[in-house]
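Comments concern the structure below.
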Amino acid sequence: MNYSLLNISKILNANIVGNSNLQISTVCIDSRKAQSNANALFFALVGKNHNGHEFIAELYRNGVRAFVVSETKDYTNLFPNAGFIQVDDTLSALQNFAAYHRSQYNYETIGITGSNGKTIVKEWLYQLLSQDRRIVRSPKSYNSQVGVPLSVLQMSPAYDLAIFEAGISEPNEMGKLEPIVAPNIGVFTNIGSAHQENFSSLEQKVKEKMKLFTNTKILVYFNNNQLIDSIAKHEASKKGIKLFTWGKSKGADVQVLDVKRDAGTTTINLVSQKNNLSITIPFTDDASLENAMHCLCIMLILGMPQETISNRMAHLMPVAMRLELKEGINGCTIINDSYNSDIGSLSIALDFLAQQRQHPKKILVISDILQSGTQPKLLYSEVANMAKAKGVDKVVGIGRVISSFSKLFPPSSTFYPDSNSFIKSINRQSFSNAAVLLKGSRVFQFEHISTALEKKTHRTVLEIDLNAIVNNLNYFRSLLKPDVKIMVMVKAFSYGSGSHEIANLLQYHRVDYLGVAFADEGVALREAGISLPIVVLNPEFGSYDIMIDYNLEPEIFSFTSLKNFVSAVNRKGVSGYPIHIKIDSGMHRLGFLQDEIEKVAKILNQNECIRAESIFSHLAGSDEREHDDFTKNQIRIFEQSSSKLSQLISYKPLRHILNSAGIERFKNAQYNMVRLGIGLYGISSVHKNKLQNVSTLKSFVAQVRELPEGETVGYSRKGKLSRRSIIATIPIGYADGLSRGLSNGNGGMLVKGEIAPIIGNISMDTCAVDVTDIPNVNVSDEVVVFGTKPHITQIANALETIPYEVLTSISRRVKRIYIQE
């Protein structure tokens, strides 16, 4: 990209103030990801939970000089040498700029939409076509109102084919994306219920998605879907679109004659233009068959020989839709994002690497980048510059091409011709206390590198979906009034989900406070690089000195704790140290009572060494309607007590009483701050459909055995078989946190999409499930203990407990894997 800021202002038909001569080579919308780059253009987007204008000063300090803004200020005096384009709506401006940029290129562009399969089809097309074409495509699943323009702005003369996906969540969105993508060839994958709550019918949603193909020359879809077929034919007749369909009927351009599945592969016999064609794909599920057929149609449209199509389809590889963060050797954190390697996805992965503050060193292990469309020296210069900007200390280059440009990288970097050479030479001590990003093209088989660097633990894992955490955080933020701060509870190992891993994410997404139970939890976060204010909710007398050393802020709930902390602060010679005053409004666990407020105020006024940063209380039953009168009385007591305390001291502390359920149910009591706990992890007493599942506990089938009627399974012979049964042994037990209360059919696990009841007593390291009624269960099949199904609330109900206990019971020996799409 190469524009002057003045040219961009003309493209947007907008006024410009300040320096109009700036040259622009890249666009950014997230101040956290902006590199120190005077050639970057920042669009200050405004949304429900964010306002990009708030970060202009920070970006200016970091070297960014060009901005697109919608708020009117005296920018030239505030930020000399910078240039500002003034628009009415910064998102519309970003979209209009992307549409103009798209119009500068005439090469073929494939646009993909549908409810499912968009990213898989895009990535498979890249696998199938990149040997012959120089392809630019959407990074990851960038298909939103923001993601599409950012994808299209990657277009340059270096490419000769573009593949972009476009998604919508409500009416009137696709019309904005169509001129940005402007596809010559379209793919409509399918239609489903995703985001259906914003549409009156499936028909309305299909018509909205069909707008992407307003000016498309040819459209691919599955014609056995009658709704898509009827609407596509209607649109084609009006706009002259050529339809290219596949399906089972003779009217399809590609007719599926039969499908045979065997030993992990599917063979599809077809006829197209009276020519018979047989392809085999290394998948057996229906979704993969559908995605592969869309890809086959595109290859036929592009005129590829049938032999080439058959050969390449047989070698399709799975698409990893996410990166994984896991514990590595010698205290390292391993970030595995090695399903492909290109500049777009590398930038996203480096941003995630930069979030890992728990290690003093960052290492990038990267392979040759294949089929980039860019001259190698320019390509690896860009890689080196990106790595430097994101704080990478060492690069390990794997491949002969990147090795030939070793001088572009830091002196500590090392290079190898292939993955095996690197694995054989690994010095485990050189990988110690570092965050390590693995970014490799498929042919380099980085899964072997991941295995070599990963800490070895048993295969039962707790997957933590970081995207779901962000979704849940944003949902609760959407319920808050402007300027209400948010404290997120990360006590008890973040409810079993991890410590610094979750805190890093929350710090990146700019929450205001973190809450921990004990001082040692806060110390661990500080040592992991967390700089947010941290409140310790159960400070112990002996921990006050270390709390002050690590800048941890205590909850003060009694006159004894207040007196002792004042003494500790005075010994340290500190002034105005922040504390948080707890009011007992009815929980009767910890806190000052109403008639003690005057005495608290007196002590605060007499001791300038401390400052009440906030006053708070805790609700006892905000998630249960039967306690609403009690909850309202708690809020009334807190209002009286906190108001009185604020009046008696010479400043106004923050006030907060709402927990997760309180945020959803008592919006008038938000005060200055709220505390988000279990809601972050997907548990809600009100709007379960608004939250996403965060934690999935997984294991696998270790053994399958057929046993006759009358035999017993497990300790104490509790699992007696009433019929000939097939029993699967699962390597998870009560030492992993699987409660014995789920024994003997009280609980079950998901095996091949069906719930298999637990049979017999759960033992320390294993349990057994009855899979008699589930066909074809084999060793190594995945087993879900809880996740989307069965949900953790179902497990809690079976145990007559609450989800908190289930989550926090998961043993530390269970490996945590953090995933992000």
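The values are calculated or read from the model by the stated rules, or taken from the named source; none is laboratory data. Remember, predicted model here, so these are calculated numbers, not experimental data. No Cβ is skipped: glycine too gets one built from the backbone with ideal geometry, and neighbour counts run over all protein chains shown. Keep in mind that these areas ignore ligands, DNA and RNA; they rest on the heavy atoms of the full protein, side chains included. Shrake-Rupley method; radii C 1.70, N 1.55, O 1.52, S 1.80 Å.
Taken together, ASN77, ASN62, ASN116 contain a single residue that is more than 30 Å from MET210 (Cα to Cα), out of contact with any strand residue (DSSP E or B) (no Cβ under 9 Å at 6 or more places or on another chain), in contact (Cβ under 8 Å) with a residue 24 or more places away in the chain and not basic (Lys, Arg), which is ASN62.
Checking ILE29, ILE16 one by one, the residue that is surrounded by fewer than 22 Cβ atoms within 10 Å (Cβ to Cβ) and within 30 Å of GLN507 (Cβ to Cβ) is ILE29 and no other.
The single condition from (1) among the acidic types (Asp, Glu); (2) farther than 28 Å from VAL46 by Cβ; (3) surrounded by 24 or more Cβ atoms within 10 Å (Cβ to Cβ) that GLU165 fails is (2).
On the basis of being among the hydrophobic types (A, V, I, L, M, F, W, C), more than 28 Å from THR374 (Cα to Cα) and open to solvent by less than 30 Å² (accessible area, probe 1.4 Å), does ILE24 make the cut?
no
Which one of these does GLU203 not meet: (1) in a helix (DSSP H, G or I); (2) in contact with a strand residue (DSSP E or B) (Cβ under 8 Å, 6 or more places away or on another chain)? The one condition GLU203 does not meet is (2).
When SER497 is tested against the conditions (1) touching a residue at least 40 places away in the same chain (Cβ under 8 Å); (2) in contact with a Ser or Thr (Cβ under 9 Å, 6 or more places away or on another chain); (3) assigned to a helix (DSSP H, G or I), the lone failure is (3).
Restricted to the range 467-502, and to residues there that are more than 14 Å from the chain's Cα centre (by Cα) and farther than 20 Å from GLY662 by Cα, the residue that is surrounded by the fewest Cβ atoms within 10 Å (Cβ to Cβ) is ALA492.
May I ask you to say which residue of SER641, SER684 is in a helix (DSSP H, G or I), hydroxyl-bearing (Ser, Thr, Tyr) and surrounded by 16 or more Cβ atoms within 10 Å (Cβ to Cβ)?
Working: SER684 fails: in a helix (DSSP H, G or I).
When all the criteria are applied, what remains is SER641.
ASN433 passes every criterion in (1) without any contact (Cβ under 8 Å) to a residue 24 or more places away in the chain; (2) surrounded by fewer than 17 Cβ atoms within 10 Å (Cβ to Cβ) apart from (1). Applying a threshold of 6 Å to beta carbon distances and a minimum spacing of six or more residues, or different chains, the list of pairs starting in the range 150-169 at a residue that is in contact (Cβ under 8 Å) with a residue 60 or more places away in the chain and ending at one that is open to solvent by less than 10 Å² (accessible area, probe 1.4 Å) and among the β-branched types (Val, Ile, Thr) reads GLN154/VAL136; TYR159/VAL136.
Matching residues to (1) modelled with pLDDT of 90 or more; (2) of a type in the set (A, V, I, L, M, F, W, C); (3) surrounded by fewer than 24 Cβ atoms within 10 Å (Cβ to Cβ):
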| site | (1), (2), (3) |
| --- | --- |
| GLU123 | yes, no, no |
| TYR126 | yes, no, yes |
| GLN131 | no, no, yes |
| ARG137 | yes, no, no |
| LYS140 | no, no, yes |
| LYS176 | yes, no, yes |
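Among the residues of the range 601-622, those that are buried (at least 21 other Cβ atoms within 10 Å of the Cβ) and not aliphatic (A, V, I, L, M) comprise SER614, PHE616, SER617, HIS618, SER622.
Report whether or not ILE464 is under 30 Å from GLY47 (Cα atoms), of a type outside the set (S, T, N, Q) and surrounded by 22 or more Cβ atoms within 10 Å (Cβ to Cβ). Against the criterion (under 30 Å from GLY47 (Cα atoms), of a type outside the set (S, T, N, Q) and surrounded by 22 or more Cβ atoms within 10 Å (Cβ to Cβ)), ILE464 qualifies. Selection of the range 687-721 for residues being open to solvent by 30 Å² or more (accessible area, probe 1.4 Å) and either small (Gly, Ala, Ser) or in contact with a His (Cβ under 8 Å, 6 or more places away or on another chain) (or both) yields ASN693, ALA702, GLY710, GLY714, SER716. In the range 217-233, the qualifying residues are those that are under 32 Å from the mean Cα position of the chain (by Cα) and open to solvent by less than 20 Å² (accessible area, probe 1.4 Å), and the one that is farthest from LYS248 (Cα to Cα) is LEU219.
Of the numbered criteria (1) buried (at least 21 other Cβ atoms within 10 Å of the Cβ); (2) modelled with pLDDT of 95 or more; (3) of a type outside the set (Phe, Trp, Tyr); (4) closer than 22 Å to PHE97 by Cα, the one VAL187 fails is (4).
Do any strands (runs of 3 or more DSSP E) entirely within the range 750-821 hold 1 or more residues that are modelled with pLDDT of 90 or more and closer than 17 Å to ARG740 by Cβ, and if so, which? Let's see the steps before the verdict.
Working: elements: 754-757, 767-770, 782-786, 815-820.
Fully inside the range 750-821 and qualifying: 754-757, 767-770, 782-786.
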